[in-house]
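The values are calculated or read from the model by the stated rules, or taken from the named source; none is laboratory data. All values derive from a computational prediction rather than experimental measurement. Glycine gets a Cβ as well: all are built from the backbone with ideal geometry, and neighbour counts include every protein chain shown.
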Amino acid sequence: MNHPQFCYVDTSFGDFSHRNNVIDVRDVNKSVPDDRKNCACTYHRFPKLYAEHREKTGSTKGYKGASYTDFIPFDFDSDDLALSLERVRDFLKVLEVSYEVEGLQGVRVWFSGKKGFHVGLSSILFGGWDPAPDLAVKLKVLAKIVGQGLEIDPAIYDQNRLLRLQNTLHGGSGLWKIPLLPMEVLTEPIETIQAWASAARRVEWSSWENTTPRPPMVQVWESVKKGQQ
């Protein structure tokens, strides 16, 4: 795990409003309740100062310190699932062609269990980044550039944002958030993906670190860091 001192996350089990449960990220999976319904976790990781802030104030709100994430997420949502699938396919093709991500290594995809898809891009594709108080702000700028013209959801780039956990149940739809191989997303119809989401699903991912930087992505991240975007 990169930056292991950044090991604290906020979690919510059973209802997304039931948050402010700060635990070690390595304890998240064993903390998920048996019904696995409506479970979420921050995708940013935090140092001990975050847990201390929660203990002092009763909430993670108002934390102003550094955070880190292994990946940058993209959220493609629509009431029309076929449209969501079309958008995420377009995004994967942009990654392959414009950003030279061969074989979509370092890319993970999930069906959200209701209206769309989540895509995660490893930080290593961009050359990596370090923990910082303003990392979430910079990643929001980065997402706007990489997802330009593709109608991504900009609401997920808050430092303290929760994301639904993989292989947990969406309480409204009755479907699961499941992992998908990028090639499955590019080739399978939405009906098949929805059918898979009737149960938990296993996909063997390489670690976030097991990829190589892609020069066009490194260039974009460098320009964001320098404030040129």
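Tabulated data for the structure shown
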| read-out | value |
| --- | --- |
| Test result for Asp24, at pLDDT 95 or above, surrounded by 14 or more Cβ atoms within 10 Å (Cβ to Cβ) and among the acidic types (Asp, Glu) | no |
| Checklist (1) aliphatic (A, V, I, L, M); (2) at pLDDT below 95; (3) under 20 Å from Asp80 (Cα atoms); (4) out of contact with any strand residue (DSSP E or B) (no Cβ under 6 Å at 6 or more places or on another chain) applied to Leu186, failing item | (2) |
| Test: Gly65 is among the small types (Gly, Ala, Ser) and touching a helix residue (DSSP H, G or I) at 6+ places or on another chain (Cβ under 8 Å) | yes |
| Test: Lys138 is in contact with a Lys or Arg (Cβ under 8 Å, 6 or more places away or on another chain), over 25 Å from Trp196 (Cα atoms) and modelled with pLDDT of 95 or more | yes |
| Glu209 being acidic (Asp, Glu) and touching a residue at least 40 places away in the same chain (Cβ under 8 Å) | yes |
| Number of the condition not met by Gln5 [criteria: (1) in contact with a Lys or Arg (Cβ under 9 Å, 6 or more places away or on another chain); (2) surrounded by 14 or more Cβ atoms within 10 Å (Cβ to Cβ); (3) modelled with pLDDT of 95 or more; (4) not in a strand (DSSP E or B)] | (2) |
| Extreme residue, surrounded by the most Cβ atoms within 10 Å (Cβ to Cβ), among residues of region 27-57 that are touching a residue at least 60 places away in the same chain (Cβ under 8 Å) and among the β-branched types (Val, Ile, Thr) | Thr42 |
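One line per residue, one yes/no per condition, for (1) among the basic types (Lys, Arg); (2) modelled with pLDDT of 95 or more; (3) part of a strand (DSSP E or B):
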position: Met1; (1), (2), (3): no, no, no
position: His18; (1), (2), (3): no, no, no
position: Asp34; (1), (2), (3): no, no, no
position: Glu52; (1), (2), (3): no, yes, no
position: Asp75; (1), (2), (3): no, no, yes
position: Asp79; (1), (2), (3): no, no, no
position: Ala82; (1), (2), (3): no, no, no
